[in-house]
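Trainee: A single structure is presented below for examination.
The values are calculated or read from the model by the stated rules, or taken from the named source; none is laboratory data. In this text the structure is predicted, and so the values were computed from the model without any measurement. With ideal geometry, Cβ positions are generated from the backbone for all residues, glycine too; neighbour counts draw on all protein chains shown.
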Amino acid sequence: MSSVTARLQMLTSFSSGFLLTIFLQTSFANSQHSDNAQGNSENVGWPFHGLDQFETRHSLLTQIDSSNLDKLGLAWSASLDSKRGIEATPLVVGGRMYVTSTWSRVFALDAKTGARLWEFDPKVPKAWAQKGCCDVVNRGVAIHNEQLFVGTFDGRLIALDVDDGTVNWEVNTIDREKPYTITGAPRIAGDVVLIGNGGADFGVRGYLSAYDLVTGELKWRFFTVPKSFDGPHEHPELEIAAPTWDPESAWEYGGGGTVWDSMAFDAQTNLIYVGTGNGSPWPNFVRSPAGGDNLFLSSIVALDADTGRMAWYYQTTPGDSWDYTATQHIILADILWDGDERQVLFQAPKNGFFYVIDRVTGELLSADKYVRATWASHVDAKTGRPVLTDTADYSERASVVFPATLGGHNWHPMSYDQANGLVFIPAQDAATYFSPDKLSILLETDHETTSEQVVPDPWVGFSILLAWDPSARKVVWKKVYPNFANAGVLSTASNLVIQGDADGYLNFYDSLSGELLRKIFLGVGVVAPPIAYQIEGEEYLAIAAGWGGANFVLADDSIAARKYPNDGKVIVLKLGGSDMPKPKEERYVSQARGGNKYVQLGGNQIQGKQIYNTNCGACHGWFGQTGLLPDPKYFGLLDRTYIEDVVIHGVLKEKGMPSFNGKLDDEGFEALLSYLDAIAYKDAKADSSPSK
């Protein structure tokens, strides 16, 4: 047995009994989908977040193919009443579509016509927006029997009646005094519904919760990090984790490790596979000064669905200091590996390595770079640990590190085409400039910040669609997009790969060659993944469109959200559909001016910049970048009294702009005003600022 196998050995109660001798194509979720797709039913839905519980996102429908893409047109569209990020995967069950919008709202639509059947608004307090890093998004719902489950941005889990959207039960899943959020979709695993949370960037402790499907009773909770070195610990796995932390760690920040997105469930083994997030705070040398792996940060953890006890773990980024979460999409697969049938999982987390792991034992089978990654040279096959380079350490000096903090791959879902043996990854390429006391995303890899008084133009890089062969361990083909934004992927049995983009197009590629077959202009930017379903023998493609999320503050002038209304909507296509209506052009292009790219700061402006980036940047744009909310480079032109009314007195809090009264003292407010004045467009008029 290799040392990595021993290190990841399953706990005693799971050490036997899970060594299966058959593939899992016979699992209920997969066989149900497969039978429908082979023609046993005229109706084929999309019942799980990832289509099936293996999270493959590969449709077996073949009616739409490369020969008839020119006949593909609009079947219907339906508004989601949003002008911010739409990240949801719609579910289609029983001829109905269930989809979420911003602020955790749920819409039930007729999947054939788009008619709105009902909607549910959980009334998330708008001030909760300041507790989230990446827009007030929601990635979707889960469905089981006659109930629909949604996690709310303010930390609740709600069970709704599928017929009318009435509340069956509701539970609070968080400490409401701390900056927790929920943006991910719940998952069903046996008799429980699973939900995690976000907030590691703001100082919380991560965990995964399992609730009874019928009653909403908490069945178990798995904490991903210890709350202290000595305990007492809530469950035995934390006895393993605690020694990997400095006893003098910054425990007051919670440790991080939030489970904010990826989950997959294997019904045969009864195991749940989850990815955990970054540490709180980010740098290991601050979070855990004596070092250590800091388990279970940035890890893949296998848990028993009935008890929540850990079967095995694998840590992708020990002692993470770069925000390299392992919360990215996990896909389960059955493959031939070195001539043997293996039950595996795939993940392409932020750190730039593609992992193939035996999902029964936790043994690492391979780890290979799928994008540029300079923090580690390789992953040692015997130990399973990355071998760090000199570039990785920024504890005493500045360093430029690939991938950037937004990752080589973020939350945007992959897909897996088992027939062709390919995983399609919405990847991205950029670097982060790290120093012991600051960071920024770089425009150029050779850029050096020469002074703390220089504001670098941070945003660059580009998105890439990759076809990755996990058996050959290499890129088969790739397509590069012109801007640093990405969208989830759907692949189909008709050898199509479908992905939206920031420019407002839905792109159709040949899955084997990567050839672009067609682009359909949607008129609104896309970050969410498409789905496919069939009603009465007719195939439909659907996508929830609306640009935002983590890229909300990264709005290049070329993208659709700068040229047209960023109206969130579900767009559904079919063969023989109508032409897409052209959106009206709208003045929403940033008023870029010379002289603001690099601004020399002095006095309290440096303090003001820190206050801005900490409190305002997540919505209005970090490091001087312009997002889709009002441009901060106009704020310095506004009347001081108005800024005070908005920032301190909260006159716009019902619109989502929180009050910072009590958080920002007089000195801090003056410093913020001074910074806003320094970066202001001096040749612009205040009333020309975007008003959305």
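Trainee: For the condition farther than 26 Å from Gln428 by Cβ and touching a Lys or Arg at 6+ places or on another chain (Cβ under 9 Å), what is the one hit in Asp334, Asp304?
Mentor: On the way: Asp304 fails: touching a Lys or Arg at 6+ places or on another chain (Cβ under 9 Å).
One residue alone meets the criteria, Asp334.
Trainee: Test Phe223 against the criterion of being without any contact (Cβ under 8 Å) to a residue 40 or more places away in the chain, within 21 Å of the chain's Cα centre (by Cα) and closer than 20 Å to Tyr253 by Cβ, and give yes or no. Spell out how you get there, then give the answer.
Mentor: Values: without any contact (Cβ under 8 Å) to a residue 40 or more places away in the chain: yes; within 21 Å of the chain's Cα centre (by Cα): yes; closer than 20 Å to Tyr253 by Cβ: yes.
Yes, satisfied.
Trainee: Could I ask something else about it? Is one or more of the residues making up region 244-251 in contact (Cβ under 8 Å) with a residue 24 or more places away in the chain and assigned to a strand (DSSP E or B)?
Mentor: no
Trainee: Kindly provide the set of residues from region 484-502 that are among the polar types (S, T, N, Q), within 14 Å of Ala545 (Cα to Cα) and assigned to a strand (DSSP E or B), ordered by number. Give the derivation first.
Mentor: Going through region 484-502, the residues among the polar types (S, T, N, Q) turn out to be 486, 491-492, 494-495, 499.
Checking the rest, the ones that are also within 14 Å of Ala545 (Cα to Cα) come to 486, 499.
Residue satisfying the conditions is Gln499 alone.
Trainee: Only residues in region 296-313 that are farther than 23 Å from Pro386 by Cα count as the first member; pair them with residues that are assigned to a loop (DSSP other than H, G, I, E, B) and modelled with pLDDT of 95 or more, Cβ under 6 angstrom, at least 6 apart or cross-chain, and list the lot.
Mentor: If the second residue must be assigned to a loop (DSSP other than H, G, I, E, B) and modelled with pLDDT of 95 or more, the pairs left are Ala305/Gly190; Ala305/Asn270.
Trainee: Same structure, new question: Considering only region 526-574, state which residues are over 21 Å from the mean Cα position of the chain (by Cα), within 21 Å of Thr100 (Cβ to Cβ) and of a type in the set (Phe, Trp, Tyr).
Mentor: Tyr533, Tyr540, listed by residue number.
Trainee: Among the residues of region 242-268, which ones are crowded, with 23+ Cβ neighbours inside 10 Å and not aromatic (Phe, Trp, Tyr)?
Mentor: Step one: of region 242-268, the residues crowded, with 23+ Cβ neighbours inside 10 Å are 245, 249, 254-266.
The answer is Ser249, Gly254, Gly255, Gly256, Gly257, Thr258, Val259, Asp261, Ser262, Met263, Ala264, Asp266.
Trainee: Is it the case, given these coordinates, that Glu654 is at pLDDT 85 or above and either of a type in the set (Val, Ile, Thr) or in a helix (DSSP H, G or I) (or both)? Before you say what the answer is, go through the steps one by one.
Mentor: On the way: at pLDDT 85 or above: no; either of a type in the set (Val, Ile, Thr) or in a helix (DSSP H, G or I) (or both): yes.
So Glu654 does not fit the description; no.
Trainee: In addition: Sort out which residues of region 174-192 are touching a residue at least 40 places away in the same chain (Cβ under 8 Å) and closer than 28 Å to Gln130 by Cβ, and write them in order of number.
Mentor: Listed by number, the residues that qualify are Lys178, Pro179, Tyr180, Thr181, Ile182, Thr183, Gly184, Ala185, Pro186, Arg187.
Trainee: Now for a different question. Go through region 41-55 residue by residue and tally those that are among the polar types (S, T, N, Q) and either surrounded by 24 or more Cβ atoms within 10 Å (Cβ to Cβ) or in a strand (DSSP E or B) (or both). It would help to see each step written out before you state the result.
Mentor: Step one: list which residues in region 41-55 are among the polar types (S, T, N, Q), which gives 41, 43, 53.
Still in the running and either surrounded by 24 or more Cβ atoms within 10 Å (Cβ to Cβ) or in a strand (DSSP E or B) (or both): 53.
Result for region 41-55: 1.
Trainee: Please give the strands (runs of 3 or more DSSP E) falling wholly within region 69-143 in which 2 or more residues are buried (at least 20 other Cβ atoms within 10 Å of the Cβ). Reasoning before the result, please.
Mentor: Numbers: elements: 72-79, 91-93, 96-100, 106-110, 116-120.
Once the strands (runs of 3 or more DSSP E) in region 69-143 are filtered for at least 2 residues that are buried (at least 20 other Cβ atoms within 10 Å of the Cβ), what remains is 72-79, 91-93, 96-100, 106-110.
Trainee: May I pose another question? Could you please give the count of residues in region 321-350 that are more than 18 Å from Ala467 (Cα to Cα), of a type outside the set (Gly, Ala, Ser) and within 18 Å of the chain's Cα centre (by Cα)?
Mentor: 5
Trainee: While we're on this one: Condition first: on the phi > 0 side of the Ramachandran plot and not small (Gly, Ala, Ser). Now tell me which residues in region 95-113 satisfy that.
Mentor: The first filter runs over region 95-113 and keeps only residues on the phi > 0 side of the Ramachandran plot, leaving 95, 103-104.
The one that is on the phi > 0 side of the Ramachandran plot and not small (Gly, Ala, Ser): Trp103.
Trainee: To continue, here is another question. For Leu208, state whether it is closer than 14 Å to Val301 by Cα and either at pLDDT 95 or above or among the small types (Gly, Ala, Ser) (or both). Spell out how you get there, then give the answer.
Mentor: Numbers: closer than 14 Å to Val301 by Cα: yes; either at pLDDT 95 or above or among the small types (Gly, Ala, Ser) (or both): yes.
Yes; evaluated as a whole, the condition is true for this residue.
Trainee: Just wondering, is there one or more residues in region 205-222 that are more than 30 Å from Asp161 (Cα to Cα) and either part of a loop (DSSP other than H, G, I, E, B) or outside the structural domain of Phe285 (by TED's automatic domain parsing) (or both)? Explain how you work it out, then say what you get.
Mentor: Quick first cut of region 205-222, residues more than 30 Å from Asp161 (Cα to Cα) only: 205.
Cutting the leftovers down to either part of a loop (DSSP other than H, G, I, E, B) or outside the structural domain of Phe285 (by TED's automatic domain parsing) (or both) gives us none.
Checking region 205-222: not a single residue is more than 30 Å from Asp161 (Cα to Cα) and either part of a loop (DSSP other than H, G, I, E, B) or outside the structural domain of Phe285 (by TED's automatic domain parsing) (or both).
Trainee: I would also like to ask the following. Residues being buried (at least 19 other Cβ atoms within 10 Å of the Cβ) and in a loop (DSSP other than H, G, I, E, B): count how many of those fall in region 503-559.
Mentor: Going through region 503-559 one residue at a time, the tally reaches 18.
Trainee: How many residues are farther than 20 Å from Trp411 by Cα and in contact with a strand residue (DSSP E or B) (Cβ under 7 Å, 6 or more places away or on another chain) if we restrict to region 85-104?
Mentor: Just the residues of region 85-104 that are farther than 20 Å from Trp411 by Cα, to begin with: 92-98.
If we keep only those that are in contact with a strand residue (DSSP E or B) (Cβ under 7 Å, 6 or more places away or on another chain) as well, we get 92-93, 95-98.
Residues that pass the stated criteria total 6.
Trainee: Follow-up. Would you mention how many residues in region 375-418 are surrounded by fewer than 19 Cβ atoms within 10 Å (Cβ to Cβ), within 25 Å of Asn486 (Cβ to Cβ) and modelled with pLDDT of 95 or more?
Mentor: Of the residues in that region, 1 qualify.
Trainee: Could you tell me which numbered condition Tyr675 fails, if it satisfies all but one of (1) of a type outside the set (A, V, I, L, M, F, W, C); (2) modelled with pLDDT under 80; (3) in contact with a Gly (Cβ under 8 Å, 6 or more places away or on another chain)?
Mentor: Going through the list (1) of a type outside the set (A, V, I, L, M, F, W, C); (2) modelled with pLDDT under 80; (3) in contact with a Gly (Cβ under 8 Å, 6 or more places away or on another chain), Tyr675 breaks only (2).
Trainee: Is at least one residue of region 384-400 touching a strand residue (DSSP E or B) at 6+ places or on another chain (Cβ under 9 Å), within 30 Å of Leu496 (Cα to Cα) and hydrophobic (A, V, I, L, M, F, W, C)? Walk me through it before giving the result.
Mentor: Our first condition is that a residue be touching a strand residue (DSSP E or B) at 6+ places or on another chain (Cβ under 9 Å); within region 384-400, this holds for 384-394, 397-400.
Then keep just the ones that are within 30 Å of Leu496 (Cα to Cα); that gives none.
For region 384-400, residues touching a strand residue (DSSP E or B) at 6+ places or on another chain (Cβ under 9 Å), within 30 Å of Leu496 (Cα to Cα) and hydrophobic (A, V, I, L, M, F, W, C): absent.
Trainee: Going through Arg156, Arg116 one at a time, which residue ends up being among the basic types (Lys, Arg) and within 26 Å of the chain's Cα centre (by Cα)?
Mentor: Values: Arg116 fails: within 26 Å of the chain's Cα centre (by Cα).
Result: Arg156 is the single residue among Arg156, Arg116 that is among the basic types (Lys, Arg) and within 26 Å of the chain's Cα centre (by Cα).
Trainee: Additional query: I want to confirm something. Restricting to region 460-483 and keeping residues that are assigned to a loop (DSSP other than H, G, I, E, B) and touching a strand residue (DSSP E or B) at 6+ places or on another chain (Cβ under 6 Å), which single residue is surrounded by the most Cβ atoms within 10 Å (Cβ to Cβ)? Step through it out loud before you land on a result.
Mentor: We begin by selecting, within region 460-483, every residue assigned to a loop (DSSP other than H, G, I, E, B); these are 460-461, 470-473, 481-483.
Right, trim to touching a strand residue (DSSP E or B) at 6+ places or on another chain (Cβ under 6 Å) and you get 461, 470, 473, 481.
Numbers: Gly461: 22, Pro470: 24, Arg473: 15, Tyr481: 20.
Here the answer is Pro470.
Trainee: Of all residues being among the hydrophobic types (A, V, I, L, M, F, W, C) and out of contact with any helix residue (DSSP H, G or I) (no Cβ under 9 Å at 6 or more places or on another chain) in region 254-285, which is modelled with the lowest pLDDT? Just the residue, please.
Mentor: Quick first cut of region 254-285, residues among the hydrophobic types (A, V, I, L, M, F, W, C) only: 259-260, 263-265, 267, 271-272, 274, 282, 285.
Narrowing the set further to residues that are out of contact with any helix residue (DSSP H, G or I) (no Cβ under 9 Å at 6 or more places or on another chain) leaves 259-260, 263-264, 272, 274, 282, 285.
Values: Val259: 98, Trp260: 96, Met263: 97, Ala264: 98, Ile272: 98, Val274: 98, Trp282: 89, Phe285: 94.
Filtering region 254-285 for residues that are among the hydrophobic types (A, V, I, L, M, F, W, C) and out of contact with any helix residue (DSSP H, G or I) (no Cβ under 9 Å at 6 or more places or on another chain), the one modelled with the lowest pLDDT comes out as Trp282.
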